[in-house]
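Structure first, commentary second.
The values are calculated or read from the model by the stated rules, or taken from the named source; none is laboratory data. Owing to the predicted nature of the structure, the values given are computational and were not obtained by experimental measurement. Glycine also receives a Cβ, built like all others from the backbone with ideal geometry; neighbour counts cover every protein chain displayed.
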Amino acid sequence: MLRSFPGIRWPGTRPNRPPQESSPAHAASFEVLSRHLGYLSKSDLKRVRDAFRFADTAHLGQTRASGEPYITHPLAVAAICAEWKLDAQALMAALMHDAMEDCGVTKAELIEKFEAPTAELVDGLTKLDKLQFSTKEESQAESFRKMLLAMARDVRVILIKLADRLHNMRTMDSMAPSKQRRIAQETLEIYAPIAHRLGLNQTYRELQDLSFRYQHPWRYGALEKAITKARGNRRDVVQRIERDVRAALSQSGLGVDIQGREKTLFSIYNKMREKHLSFAQVTDIFGFRVVVQELPQCYLALGVLHQTFKPQPGRFKDYIAIPKPNGYQSLHTTLVSPLGTAVEFQIRTQAMHHVAEQGVAAHWLYKAKGPSDAQSLGARLLQSLLDIQNETRDAREFLEHVRIDLFPDSIYVFTPRSRILALPKGATPVDFAYAIHSDIGDRCVGAQVNGEMVPLKTALRSGDVVEIVTAPSARPNPGWLGFVRTGRARSKIRHHLKTLAQEEARELGLKLLGQALRAEGQTIPAFDGPHAPLWQTLVRWSGQRTTDDLLVEIGLGRKIAVMVAKQLSHMLIEAGHRPDAVLLSMGRFSEDETPQRSVALLDGSEGASVRYAPCCHPIPGDDIRGYMGRGEGLVVHTAECPTGRRLFQRDSQHWIQVAWADELQQTFEAEVGILMNNEKGVLAQVAAGVSQAQADITHVEMNKESDVARESAVMQMLIAVRDRHHLADVLRVLRRVPPVLKVWRVK
């Protein structure tokens, strides 16, 4: 969040901005780019020049919103990639990254002219604007999803995309304000965190500042003026600190490079907003970076600094021993200057400095033996996003997980075997369990943190030692979605719940189809053997792909069991299976000899495929009806429920007969209203009465009009009971509680 500047010379312009070219024609020439390509071989330079000529021809006649030739944009993107020392293939892809999207160039043409690797890079960068999506948000999400999948194969895709976004952000002045704000918001939510995740800190800081500038131009301008003024006011203080630090380090025999640092406008604005501070109250705007030659000198320099100025307790972080997930390494310490102001120091080696500023891109020049090493590093850093991709098929849900997972603040926790894991701030033991392995997350039932049992929603802190307790029969709890922080955990839980819901819907669909078939005098034929062709024909008739898909559709209410049963019965009759007279008479007529549809028996074991309507809370003993909502499964209402009656008048085809089974597998919720005297301890007395009746309270809500000043209050609660007889026992006990004036079941 800090930007660097040489020495203590405060710059008058924004950081990292390239000087403006003298004219559009000059900016559109290859010579501008060639100045940055001294690290390429002659053969690679020729390939890049050929790619420029191809892109220049493809974009001929196109202009940007500012009126400049369009080719100036690919040139600028390639120049940013050249600053990161990317290879020739990446530079060629940067020059042609809009050729497929805007110029009708095909992937096959690129493969023929520039070979497959470069064409793959360009394809990964191509947006999906030509496909039809229901909303613009879905289009953006799907485009971003495709980019991440391409990045899994080659991290250069995201580096080029970041360079593309950075240049677009630098040149948005000609766009409408509404478009500026939308692009700035997307940049702040997605691209800046990715730059941070990949360790591209210069790019990360500039994207944040530019987004801030276009989202809040007035605040940006006011803060920029305040910073300029503060530079002048604090110049003497900063120079004195720098002089004292340089002298102390020199006396210790440490050859160091000291650079002044200044917080970005966005990070200052964020701190002011989050901590409700005025600009004058933000004391750590300026700081220093100390760059040494070798790793041991980092700790020696730290000791010298702590002897020179008093350190602030709790403000020291060792990112060398425990690097950040993006590979960043430094020592951070905050010292109190002689004037009482807080000054932050970052201490690192020259190699650490390169990685800190350029992250994954630095590995092309300083660390990696070749692009493949840096690509594998990038793939590792974003492996969690790819795991999410495997679990999530909805583009907008995927984008939601990505936003969560790219949150930059991290904590560092340990397994019992001292393995270090980085998790987002606020992560819980469930996030930790899924970070270890999805099976551990699925079977998680408890957690020990530092040797003590804690709730699964406990927020972990850096340094915690976490051990997960598992059980073979355990399953993910839907309630976990309310507190998990990582996208990986969230996607794994949702995937498991969806799979479970599919299985339950299939079972319900099979049960409903069997009951509907009995009304036709038939039983469900076997899925394999001689009846397999029959099922294949039925599946084709229904428009589904498999028998399981058809049963799920019935269970979710998207196909009416009676209609499918009639078709299957017709096919069975044609195959020589005559209806059974006994089944026919049992299914077609009830005791009063009136024709009726088949009845689905409910025992509470149906899972997520059956819901008991919250408007009437049916319990065993109530007369009930079932509504097969489109995609909602079976929703059960009481026969007298007004909501159910309105649904029946509007959509009678989706109602089926349901009844309670003789043996029930669970308790059911009933809503109870209580009018009582508003006195101390009344809730405890009511809870004791419910417990005495061997029932459980699942939810309590006081009437909003109830307050201490009133003599009476109304309480509504959900009580888990076995059936109507059990509920009657609960109401009878509650009426005997002294403060209770009246008790009734809410319908």
One residue is enough: does segment 722-743 have a residue meeting the conditions crowded, with 18+ Cβ neighbours inside 10 Å, part of a strand (DSSP E or B) and at pLDDT 85 or above? yes
For segment 709-747, which residues satisfy the criterion of being closer than 19 Å to G681 by Cα and charged (D, E, K, R)? R710, E711, R735, R736, K742
I'd like the residue in segment 475-485 that is in a helix (DSSP H, G or I) and either touching an Asp or Glu at 6+ places or on another chain (Cβ under 8 Å) or of a type outside the set (A, V, I, L, M) (or both) and, out of all such residues, is surrounded by the fewest Cβ atoms within 10 Å (Cβ to Cβ). G482
Inside segment 95-136, the number of residues satisfying the requirement of being over 20 Å from C81 (Cα atoms) and at pLDDT below 55 is 9
Go through segment 486-502 and count every residue that is in a helix (DSSP H, G or I) and at pLDDT 80 or above. 9
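Can you find a residue that is farther than 27 Å from T203 by Cα and at pLDDT 80 or above anywhere in segment 256-275?
Just the residues of segment 256-275 that are farther than 27 Å from T203 by Cα, to begin with: none.
Checked segment 256-275: no residue is farther than 27 Å from T203 by Cα and at pLDDT 80 or above.
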Filter pass, P313 being under 17 Å from T341 (Cβ atoms) and in a loop (DSSP other than H, G, I, E, B): yes
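One residue is enough: does segment 677-694 have a residue meeting the conditions in a strand (DSSP E or B), exposed (fewer than 15 other Cβ atoms within 10 Å of the Cβ) and at pLDDT below 90?
Residues of segment 677-694 that are in a strand (DSSP E or B), as a first pass: 677.
Imposing the further condition that a residue be exposed (fewer than 15 other Cβ atoms within 10 Å of the Cβ) reduces the set to 677.
After this cut, where a residue has to be at pLDDT below 90 as well, the list is 677.
Yes, some residue in segment 677-694 is in a strand (DSSP E or B), exposed (fewer than 15 other Cβ atoms within 10 Å of the Cβ) and at pLDDT below 90.
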For segment 264-283, state whether one or more residues are touching a helix residue (DSSP H, G or I) at 6+ places or on another chain (Cβ under 9 Å), assigned to a strand (DSSP E or B), in the same structural domain as F345 (by TED's automatic domain parsing) and of a type outside the set (A, V, I, L, M, F, W, C). no
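Residues checked against (1) in contact with a Ser or Thr (Cβ under 7 Å, 6 or more places away or on another chain); (2) over 25 Å from G327 (Cβ atoms):
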site	(1), (2)
T415	no, no
D431	yes, no
Q448	no, yes
G463	no, no
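From the list D209, D164, pick out the single residue that is in contact with a strand residue (DSSP E or B) (Cβ under 9 Å, 6 or more places away or on another chain), crowded, with 18+ Cβ neighbours inside 10 Å and assigned to a helix (DSSP H, G or I).
Details: D164 fails: in contact with a strand residue (DSSP E or B) (Cβ under 9 Å, 6 or more places away or on another chain).
Exactly one residue qualifies, and that residue is D209.
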In this structure, does R506 turn out to be in the same structural domain as I656 (by TED's automatic domain parsing), part of a loop (DSSP other than H, G, I, E, B) and either at pLDDT below 80 or touching a helix residue (DSSP H, G or I) at 6+ places or on another chain (Cβ under 9 Å) (or both)? no
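Can you report the number of residues in segment 510-544 which are assigned to a loop (DSSP other than H, G, I, E, B), among the small types (G, A, S) and touching a residue at least 60 places away in the same chain (Cβ under 8 Å)?
In the first step, residues of segment 510-544 are kept if they are assigned to a loop (DSSP other than H, G, I, E, B); the result is 519-528, 543-544.
Next, from what is left, pick out any that are among the small types (G, A, S): 519, 521, 526, 543.
Imposing the further condition that a residue be touching a residue at least 60 places away in the same chain (Cβ under 8 Å) reduces the set to 519, 521.
Summing the residues that are assigned to a loop (DSSP other than H, G, I, E, B), among the small types (G, A, S) and touching a residue at least 60 places away in the same chain (Cβ under 8 Å) in segment 510-544 gives 2.
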Among the hydroxyl-bearing types (S, T, Y), at pLDDT below 65 and in the same structural domain as L500 (by TED's automatic domain parsing): is that true of T638 in this structure? no
Being surrounded by 22 or more Cβ atoms within 10 Å (Cβ to Cβ) and among the small types (G, A, S) narrows A459, A561, A471 down to just A561
Kindly evaluate R645 against the criterion of being among the charged types (D, E, K, R) and either assigned to a strand (DSSP E or B) or surrounded by 13 or more Cβ atoms within 10 Å (Cβ to Cβ) (or both). yes
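Is one or more of the residues making up segment 199-207 under 23 Å from G327 (Cβ atoms) and without any contact (Cβ under 8 Å) to a residue 40 or more places away in the chain?
Of the residues in segment 199-207, the ones under 23 Å from G327 (Cβ atoms) are 199-207.
Okay, now just the ones that are also without any contact (Cβ under 8 Å) to a residue 40 or more places away in the chain, so 204.
Taking every residue of segment 199-207 in turn, at least one turns out to be under 23 Å from G327 (Cβ atoms) and without any contact (Cβ under 8 Å) to a residue 40 or more places away in the chain.
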Taking segment 434-476 and keeping only residues that are under 25 Å from K498 (Cβ atoms), of a type in the set (D, E, K, R) and touching a residue at least 12 places away in the same chain (Cβ under 8 Å), one is left with D442, R443, K457, R475
Could you say whether any residue in segment 286-296 is charged (D, E, K, R), assigned by TED's automatic domain parsing to the domain that holds A342 and modelled with pLDDT of 85 or more? yes
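From I697, I656, I719, grab the single residue that is closer than 26 Å to I624 by Cβ, assigned by TED's automatic domain parsing to the domain that holds C616, of a type in the set (A, V, I, L, M) and surrounded by 13 or more Cβ atoms within 10 Å (Cβ to Cβ). Walk me through how you get there before you give the answer.
Numbers: I697 fails: assigned by TED's automatic domain parsing to the domain that holds C616; I719 fails: assigned by TED's automatic domain parsing to the domain that holds C616.
Checking each option against the conditions leaves just I656.
Residues in segment 659-666: is at least one surrounded by 18 or more Cβ atoms within 10 Å (Cβ to Cβ) and closer than 16 Å to P618 by Cα? Before you say what the answer is, go through the steps one by one.
Our first condition is that a residue be surrounded by 18 or more Cβ atoms within 10 Å (Cβ to Cβ); within segment 659-666, this holds for 660.
Then keep just the ones that are closer than 16 Å to P618 by Cα; that gives 660.
Yes: one or more hits.
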